[in-house]
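Novice: Before I ask anything, here is the structure I am working with.
Each reported figure results from applying straightforward, stated rules to the coordinates on display, with no laboratory input. Keep in mind that this is a model prediction, so the values were computed, not measured. Note that we place each Cβ from the backbone using ideal geometry, even for glycine, and neighbour counts take in every protein chain shown.
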Amino acid sequence: MASSTSTGAAAGKSSWPELVGTKGEEAVATIMKENPSLKAHTINQGSFITMDHRHDRVRVWIDEQGVVTAAPKIA
């Protein structure tokens with residue numbers, strides 16, 4: 001079950017575990033359709049990222065085949 005955000009996001013979600021195993025670009029499209037105020041993008045496993053927390057960003061971790069490997073969440 002997805003958790004709620006304290007900012008009142010349109011879909012009321014802060015994570016999307018149901019997208020694990022789907023194609024990364026499809027996951028990005030689903031997240032942005034559910035909540036257009038978020039900026040979702042794919043990240044290849046093993047990539048270096050910043051450690052800052054943003055309430056409008058969703059990282060979608062993908063493998064070499066472009067498949068989501070972890071539940072996307074606001075971070």
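Novice: Find how much the distance from residue 52 to residue 18 grows on full extension, using 0.36 nm per residue of separation minus their present alpha carbon separation; answer in nm with one decimal.
Specialist: Difference between extended and current length: 9.8 nm.
Novice: I've got another one for you. Only Cα pairs under 8 Å and at least 6 apart count here; give the relative contact order of the chain as a rounded whole percent.
Specialist: It rounds to 33 percent for the chain.
Novice: Give me the count of lysine pairs in the chain whose alpha carbons sit under 14 angstrom apart, restricted to pairs 8 or more positions apart or on different chains.
Specialist: For the chain, qualifying lysine pairs total 4.
Novice: Quick one: 3J(HN,Hα) in Hz for the stretch 39-45, Karplus 6.51/-1.76/1.60 with θ = phi - 60°, rounded, Gly and Pro as x.
Specialist: Listing the rounded values in order: 10, 9, 8, 7, 10, 6, 3 Hz.
Novice: Using the C-alpha gyration tensor of the chain, what are the square roots of 5 times its eigenvalues, in whole angstrom, with the largest one first?
Specialist: Here the semi-axes work out to 19, 14, 10 Å.
Novice: Charges at C-beta only: +1 for Lys and Arg, -1 for Asp and Glu. How large is the resulting dipole of the chain about its Cα centre, in Debye rounded to 20?
Specialist: For this selection, approximately 220 debye.
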